[in-house]
Structure formats: structure tokens, C-alpha cells
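Values quoted throughout were computed directly from the atomic coordinates according to the rules given, and no laboratory measurement underlies them. Because the structure is predicted, anything quoted here is derived from the model rather than measured. Glycine also receives a Cβ, built like all others from the backbone with ideal geometry; neighbour counts cover every protein chain displayed.
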There are 2 protein chains.
Amino acid sequence: MTITLYELTGKDATRPFSPHCWKTAMSLAHKGLEYSGSAVPFTAVPAVENGHGKTVPVIRDGEHILSDSFDIALYLEETYPERPSLFGGPGGIAMARFFEAWAQTQIHAVIGGALLLDIHAMLAPEDQVYFRESREGRIGLSLEEAVAASQSKVDGLSARLEPMRLVLKRQPFLGGQGPLFADYIVFGAFQWARVCSASTFLAADDPVADWFQRCLDLHGGIGRATAAAA
Amino acid sequence: MTITLYELTGKDATRPFSPHCWKTAMSLAHKGLEYSGSAVPFTAVPAVENGHGKTVPVIRDGEHILSDSFDIALYLEETYPERPSLFGGPGGIAMARFFEAWAQTQIHAVIGGALLLDIHAMLAPEDQVYFRESREGRIGLSLEEAVAASQSKVDGLSARLEPMRLVLKRQPFLGGQGPLFADYIVFGAFQWARVCSASTFLAADDPVADWFQRCLDLHGGIGRATAAAA
């Protein structure tokens, strides 16, 4: 039975952009599980599966409905143990939490601000109203001010990626010779940027950019199948 | 047969201080392996085991001589698979490399500069000459200038630890419910600071400080058995 993945989109229902939804799309593909994406704009999130989660991704796998990309990965690992592992053992589950925290504080905290107006431009009018009000309330700045304020953080992004660069000197993926959920956690952030914005966050000669291209090639190129923003 | 751990000390041969040697001491204790420490001052490192390694730690386990704390951990994991795991599976091995790179770039790069004069003061005269010349040559500053320059980095250390703080909200160790080599990688850095310097690098109410205290309690308190610098 095909799994349903509820994933965030804007006006164009064929362009999922949420970093967290991309983590789940890659997790499903890693496990070789067929899924069909169901496009959800911001204002429709509360109604997904009768209000199951406050956020997407949400998946329905038969009777099972789950939200939160990490919880979904754990569910897939436990439910489909005979398929390729997303964690490579219990140590990998515990350590993947660090990648989640690192990506959130070191990458999302930078890219998220820079993308605010790009995301706004992708949304239908009613979602634009919700997005502007919720984000401006949270940040305490207009979207325009927040994007301007993000520039200095964007300038510092490359330095924050140094630990990852050192690891990639030694192995092609954060998960070792092949990708694990840790890779998809970080991939989600850069795929978010790629789908939403024509801005460049990684220099072409950065080993992190090479790794990102390798991730775009994974699983039949499902990441690449959603075109980069023009 | 008892394993020998060659570990860096200063004038006082009972106070090993190298972060990398502490990673190995904790790894051996984690595996429940008996070892005897062999004190090595800086200028004696090249002669360890007839010049086996350019750095310590070095261990001798019967016929096997190894250097590099990560390589030693891998050797222990492979050689003593029936004892508690240091990695929790192959994913944990790959991901521990990220902790090594993160600690090196985010913690050692800060603490290392701040400790230069403290370390110098712990050394015998011939080691002081070596230490000052090698470090000043590498850094391009006098030790005194380097310590002064490190203050702004020390002020920024707390912010760099935010990913770890988020993980510790969820689980007591980086390795999950119990410690893994990932914990010892980060422990080594703060134990280095504790043994060398009376300076405080962690606020008392920082969850990272609580975690460090938990690490000092591990394995019969071997970390705590070397007293903090006064």
C-alpha cells in the first residue's frame, strides 16, 4: 500500500519546499517505500488527517499516522527493519539528534531568515497573510527587515560549515560511505534554499556543495526532480 | 594482560592533561579494560615505543601498538566486540567523525588558545622551550599574545555549544541514555581545560556543565581522580 506524504507547498502544488518534508521524502526513498505526495499549503496544515499534527510532514501508512520528520524516520526504521537502515544502529539514532540540533541552530537559523520573502512570493494570497502575520509576530520584525538583517548571518554561514567540511574530507556522506538520516537532515536545509531561492548559499568549490549534489542524485534523483528556483 | 596508555603530562607525572589522551583513557575504561598510564612529557613523545607515533595517545596492547584516539577507539571496538560498544553500530562510527570535527573546530579552537600559558606553566624547563617554540611558530604570536587574543573566542564559546544543549534536553549523553565515544570526544576538551586551568569555561547552570559532571562520574570517577587545577 502506498504511503501518503503530506508536504508543504505554495501556489505550485508540484514544488514541495519545506526542509522537514524533504527529510521525510528522502527517508521514504531511502527505505525504498513508494509514496504519493499530497500538497498542503500553510493554511491547510491544521486540517491534515483531521488535525493530526500542528506541522507537516505528516505521513499515513495504512492505519498509522505520524508527524515530525525524526519521529517518522524512527517509525520507518522500526517498521521496515529489513530495508536499508536510516541510522546504522542505536548509536546512530542518538547521534542523529545532534545533527538535527546542529542544522537547526547553525543552518536553519541563517537560511530561514534569508528565505522569508522568497517563500512569501511562492504562496497563494491567503497563505501570504498567514505567513506574514505568524512570522512577523514571532520575529518582531517585518519580513523585509528580517531578510535585511539576515545578510550578516549568511556571510558567516560558510564558517559554520567547517565541521562538515572536515568530515567530508574523510567520507562522502555524514553517514559514512553511504547516506543516513543525518545526511537528509542537512540536505533538507539546502534543498529548502534551492527550491525557494535563486540565492547561492554554498560556493561552487565548497565540498559541502559537492556533497549536496551527491544527495540530489540519490534515489533516482528525487531531490533534483523539483527544479531549483530561477 | 594490562594495556599501556602513553599519555601526556607536565612536571607532575600524575596529572595527564591532553584531551586526546583523555578520550583514550575513557575509551579503555568504557570497555572495562585494565590499563596502566605511562607519563610522557612533550619532548619524550618522539621516543614512545621506538618512535611509533608523532603524537600521543599511544597504546600497547600485547603485540599491538596504536596511536590516534579515534583509531584506538576503532581498534578497541573491533578487538573487544563483546564489551560495551563505543559507537553503537556502524552509523555511530561514521557520525562520531562529525563530533570529532565539531569539537576540534568549535571547542579546541577556543580553549586551546586560552590554555597556552597554563599548559606552559605545567611543564618542565626543556618541555617549556619546545612548547613555546613549536606553538609560537605555528600561531605566529607569542603565547602571551595568543592568550590575550583568545578572550573574544572564549566569550563566544557558550553560543557554539547550543546544538549540544538542545540534545541534552532530550537525552543525558550525546550517545543517548549512556555515553559513547562521541561523549568522550567532547569530554576530552573540557577535561583538558579542567586539569590545566582554574578558568571557568562553562557557567555553573549550563546543561553542558551538568553533562560534564556526569562524565566525571563515569567508570569509577577516573576523570575526577585527576584533580581540577587550583
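Remarks
- For residue A:156, the test of being free of Cβ contacts under 8 Å to residues at least 24 places away in the same chain, assigned to a helix (DSSP H, G or I) and not basic (Lys, Arg) is failed.
- Residue that is nearest to residue A:27 (Cα to Cα) [pool: residues in the stretch A:208-218 that are out of contact with any Phe, Trp or Tyr (no Cβ under 8 Å at 6 or more places or on another chain) and surrounded by fewer than 17 Cβ atoms within 10 Å (Cβ to Cβ)]: A:217
- Selection count, the stretch A:170-192, where residues are more than 9 Å from every other protein chain (Cβ to nearest Cβ) and among the charged types (D, E, K, R): 1
- The stretch B:126-159: number of residues that are under 17 Å from residue B:104 (Cβ atoms) and in contact with a helix residue (DSSP H, G or I) (Cβ under 7 Å, 6 or more places away or on another chain): 6
- Restricting B:225, B:182 to those that are within 17 Å of the chain's Cα centre (by Cα) and over 18 Å from residue B:16 (Cβ atoms) reduces the list to B:182.
- Within the stretch B:9-22, the set of residues being buried (at least 24 other Cβ atoms within 10 Å of the Cβ) and not in a helix (DSSP H, G or I) comprises B:9, B:16, B:17, B:18.
- Here the stretch B:82-135 is the region considered, the condition is being within 8 Å of another protein chain (Cβ to nearest Cβ) and assigned to a loop (DSSP other than H, G, I, E, B), and the residue that is nearest to residue B:184 (Cα to Cα) is B:87.
- In the set B:25, B:73, only one residue is touching a residue at least 12 places away in the same chain (Cβ under 8 Å), in contact with a Lys or Arg (Cβ under 9 Å, 6 or more places away or on another chain) and either hydrophobic (A, V, I, L, M, F, W, C) or surrounded by 15 or more Cβ atoms within 10 Å (Cβ to Cβ) (or both); that residue is B:73.
- Residue in the stretch B:97-116 that is over 19 Å from the mean Cα position of the chain (by Cα), under 23 Å from residue A:91 (Cβ atoms), crowded, with 21+ Cβ neighbours inside 10 Å and without any contact (Cβ under 8 Å) to a residue 24 or more places away in the chain present: no
- When residues of the stretch B:55-81 are limited to those that are among the aliphatic types (A, V, I, L, M) and more than 16 Å from the chain's Cα centre (by Cα), the one nearest to the other protein chains (Cβ to nearest Cβ): B:74
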